[in-house]
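These notes are about the structure you will find just below.
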Amino acid sequence: MRFPLLSILLLTGCGGTAGPSSGPNIVLIVSDDHHWKDHGFMGHPVVRTPHLDRLATESLVYTRGYTPTSVCRPSLATIVSGLYPHQHGITGNDPPGGAIRDPEARAAMEGVFHRTATILEQLHQSGYMSHQSGKWWEGNPTDHGFTAGMTHGEVRRGGRHGDTGLTIGREGLQPITDFLSEAGRNPFLLYYAPFLPHTPHNPPDSLLQGYLGADRPLPEAKYYAMIEWFDLTVGTLLDHLEEAGHYDNTLVMYVVDNGWLPAGEGQGRFDSRAKMSPYDAGMRTPIMLRWPGVVRPGMDHESLASTIDIVPTLLAAAGSAASPDLPGLNLLDRDQLAGREMIFGALFAHTSVDLHDPAANLKYRYGVRKDGWKLILPFPPNRDVELMINGDRPYWMRLDHELYNVRTDPYEVDEQSLNHPELAAELAAALDAWWSVSP
């Protein structure tokens, strides 16, 4: 059964109509393994992101954005489907048994996602052309509604999470500029999800030199330089849009797929409280929207936003209809967003245990309330398989649940469940209610 994108109008002032869309062009920029704080516009004192900073000054920026999970494949599947991982079925990166290069195992996992409609399919029906570049796990992108793409998705040819698509940004933007020329006057959606600042952290030496210092570990310097490299590619992309005459009629949206914290020397690739963890270092992301004449620029430090909102937001902008089954909100509708009291997410095993039972892969659920209180709940039945499903990074929370206020304690160091047991119970009940109705 596919989850259709059906027919209600979103509250945007843009009604759904048949025929070609009169909506804006759309550019979706997705950073890869990037901590929410590691941007100039988010106040980082070291890393340089002048092009993203400029974009932020022209955008509505939700600084309290989240992703429903902190692993890239299910996160990206949510971005294009508007569904939680346990709804679209992609909960981890790899099929059971770690069969990373097994064509049949990977085809079976891709087959799970084929039951889910994507925003690309609906926009194509509205006259949009679309192009995929960068990270993409679900086989050939044209099978999911893209009209063009870089990824071929064949395991025997090196396909896993982007293959030839992963060269975008690192080796220039020629496929994107070619697509912009081919699009002509047609509305388009450009999906730019480069393999940046993701490992391998091999930045140009000219960038790395700007971050080297006796008081900064080399892995951290390389990571910062990769972020600046990513920012340079964003600047080049925005320049191309402007040169092609698209800049003023384009909705640019920026998010991060999941967070990252570099580990110290000799401690592995990344910190255990970031990627593949339920903490904000893995789950949080700024979300920005730039649409001249429609979206008023500004920094929103109050509203809760999520990447689950991307599909309904972009469909609304395109004047298209969205299914009532979609759990996200339209980020262009500030009144609607003001009524949101809590957001939710879940973290699953990196390597799936069962492709057809999300609960078999579940490790943690989390909920964040508008006032900053955040509860993390482990999934006790899977404690015994923790080392198997995440054997390269064995980790389990030290308590049966953890409670933080991420507004006053953004790095989640002051656990508060003993001080607020009734609040923890209230948030746990909200998490259980969300989980019971959302599949």
Which one of these does L355 not meet: (1) open to solvent by 10 Å² or more (accessible area, probe 1.4 Å); (2) touching a helix residue (DSSP H, G or I) at 6+ places or on another chain (Cβ under 9 Å); (3) at pLDDT below 95; (4) farther than 22 Å from A117 by Cα? (4)
Hey, can you tell me all the residues within region 100-130 that are outside any helix (DSSP H, G or I), open to solvent by 10 Å² or more (accessible area, probe 1.4 Å) and in contact with a strand residue (DSSP E or B) (Cβ under 9 Å, 6 or more places away or on another chain)? I100, R115, A117, M129
Which of the residues belonging to region 326-339 are within 20 Å of the chain's Cα centre (by Cα) and open to solvent by 10 Å² or more (accessible area, probe 1.4 Å)? L326, P327, G328, L329, L332
Y128 is checked against (1) within 23 Å of C72 (Cα to Cα); (2) touching a helix residue (DSSP H, G or I) at 6+ places or on another chain (Cβ under 9 Å); (3) not β-branched (V, I, T) and fails just one. What number does that condition carry? (1)
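Consider M288 carefully, then state whether it is open to solvent by less than 10 Å² (accessible area, probe 1.4 Å), touching a helix residue (DSSP H, G or I) at 6+ places or on another chain (Cβ under 7 Å) and hydrophobic (A, V, I, L, M, F, W, C).
Judged against the criteria, M288 is a match.
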Kindly indicate whether any position in region 112-132 is of a type in the set (D, E) and touching a residue at least 12 places away in the same chain (Cβ under 8 Å). yes
Subset of region 327-374 (residues that are among the basic types (K, R) and assigned to a loop (DSSP other than H, G, I, E, B)): R340, K370
Among (1) at positive phi; (2) buried (at least 21 other Cβ atoms within 10 Å of the Cβ), which single condition is G184 missing? (2)
Find the helices (runs of 4 or more DSSP H) located wholly in region 154-246 whose residues include 2 or more that are more than 28 Å from T142 (Cα to Cα) and under 23 Å from the mean Cα position of the chain (by Cα), and list them. 218-243
Being over 17 Å from H198 (Cβ atoms), buried (at least 20 other Cβ atoms within 10 Å of the Cβ) and of a type in the set (A, V, I, L, M, F, W, C): is that true of I168 here? no
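The values are calculated or read from the model by the stated rules, or taken from the named source; none is laboratory data. Since this is a predicted model, take the numbers as computed values, not measurements. All Cβ positions, even for glycine, are placed from backbone atoms using ideal geometry, and neighbour counts span all protein chains on display. The area values use the complete protein model at the heavy-atom level, side chains included, leaving out ligands, DNA and RNA. Shrake-Rupley method; radii C 1.70, N 1.55, O 1.52, S 1.80 Å.
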